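The values are calculated or read from the model by the stated rules, or taken from the named source; none is laboratory data. Here the structure is a predicted model, which is why all the values come from computation and not from measurement. Cβ: placed from backbone, ideal geometry, glycine included. Neighbour counts: every protein chain shown. In case anyone asks, the SASA skips ligands and DNA or RNA and just uses the protein heavy atoms, side chains included. Shrake-Rupley method; radii C 1.70, N 1.55, O 1.52, S 1.80 Å.
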Amino acid sequence: MMQWWTSDAVRFMRDASEYGDYYARLSNYLMRWLPADGHLCDAGCGLGYLAQALADHCRYVTAIDRSEAAIAAMRARRLPENLETICGDAFQLLPERPFDAMTFCYFGSSEEILRLARRRCNGPVVMVKRDCSEHRFSVHPGRTHRDVRAAAEDLLERNGIPFHSERLALEFGQPFRTPEDAMAFFRLYNPQAEVNENWVADRLTKTGRTDFPLYLPEMRKMAVLVLQAKDIPEELK
């Protein structure tokens, strides 16, 4: 997920989040492990669409992100009363009270997550990690990421932490109002590269909609790892 919240980054993520049902589907899926009657923390919430969707199912949700731009964009929407927003570093500024569950969606290293969850959570910890090696929006074919799913599972196994792991793929493409928007999107992801207009056009589909006539299809592949905070040891190996 984008970690630099420029005005373009906020705009593109807002459009993608509100275009389809990605966050509704993801929240429904994650509720298999989360307590509906509990207080949940969504750490590194970004624009807060997952936290907002989870608030439809949970008694109370605290969403925290250190980006002022992301939190401002979240607060600009009409939010449910059971959703609290905090602008700050989740690894340093969370309230002392423990949460009944915590979610970390495309946020934080596994080591950081485990250390924080041990201090701030009394129940399930859900980590959503990238489960693909390719750079999804790179103009350079063959660019790859390290395998964060395997690294997270290795860390849990090495520390004797019981966990459940599932793989999931959900459609989370990017809608565009104009061809110029599509070019700006790829330039955002490829700041050091030349973006070819024909190459971008070939990747887009027509929607038939007047508000977003163009769409970049994309399946977001992820791994969902679920563990209990009580099983996290004081010291990690």
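Return yes when A43 is of a type in the set (A, V, I, L, M, F, W, C) and buried (at least 16 other Cβ atoms within 10 Å of the Cβ) and no when it is not.
Here the answer is yes, as A43 does meet what is asked.
Out of curiosity, is D131 more than 19 Å from M102 (Cβ to Cβ) and at pLDDT 95 or above?
For D131, the condition - more than 19 Å from M102 (Cβ to Cβ) and at pLDDT 95 or above - is not met.
Is one or more of the residues making up the range 229-236 closer than 23 Å to S7 by Cα, of a type in the set (V, I, T) and open to solvent by less than 30 Å² (accessible area, probe 1.4 Å)?
The answer is no, given that none of the residues of the range 229-236 is closer than 23 Å to S7 by Cα, of a type in the set (V, I, T) and open to solvent by less than 30 Å² (accessible area, probe 1.4 Å).
Would you please name the residue that is farthest from A117 (Cα to Cα), looking only at residues in the range 4-44 that are in contact with a Ser or Thr (Cβ under 8 Å, 6 or more places away or on another chain), in contact (Cβ under 8 Å) with a residue 40 or more places away in the chain and not small (G, A, S)?
At the first step, the residues of the range 4-44 found to be in contact with a Ser or Thr (Cβ under 8 Å, 6 or more places away or on another chain) are 5, 23, 30, 34, 39-43.
Adding the requirement that they be in contact (Cβ under 8 Å) with a residue 40 or more places away in the chain leaves 5, 30, 34, 39-43.
From the residues that got through so far, the ones that are not small (G, A, S) too are 5, 30, 34, 39-42.
On the way: W5: 25, L30: 17, L34: 14, H39: 14, L40: 12, C41: 10, D42: 11 Å.
Among them, the one singled out is W5.
Any idea which of Y49, Y23, Y29 is at negative phi, crowded, with 18+ Cβ neighbours inside 10 Å and in contact with a Leu (Cβ under 7 Å, 6 or more places away or on another chain)?
Result of the check over Y49, Y23, Y29: Y23.
State which residue is least open to solvent (accessible area, probe 1.4 Å) when the search covers only the range 57-81 and only residues that are out of contact with any Asp or Glu (no Cβ under 8 Å at 6 or more places or on another chain) and among the charged types (D, E, K, R).
Result: D65.
Provide a single number: the residues in the range 210-237 that are more than 30 Å from L116 (Cβ to Cβ), in contact (Cβ under 8 Å) with a residue 24 or more places away in the chain and in a loop (DSSP other than H, G, I, E, B).
4
In the list E111, E84, which residue meets the criterion of being at pLDDT 95 or above, assigned to a strand (DSSP E or B) and open to solvent by 30 Å² or more (accessible area, probe 1.4 Å)?
Result: E84 is the single residue among E111, E84 that is at pLDDT 95 or above, assigned to a strand (DSSP E or B) and open to solvent by 30 Å² or more (accessible area, probe 1.4 Å).
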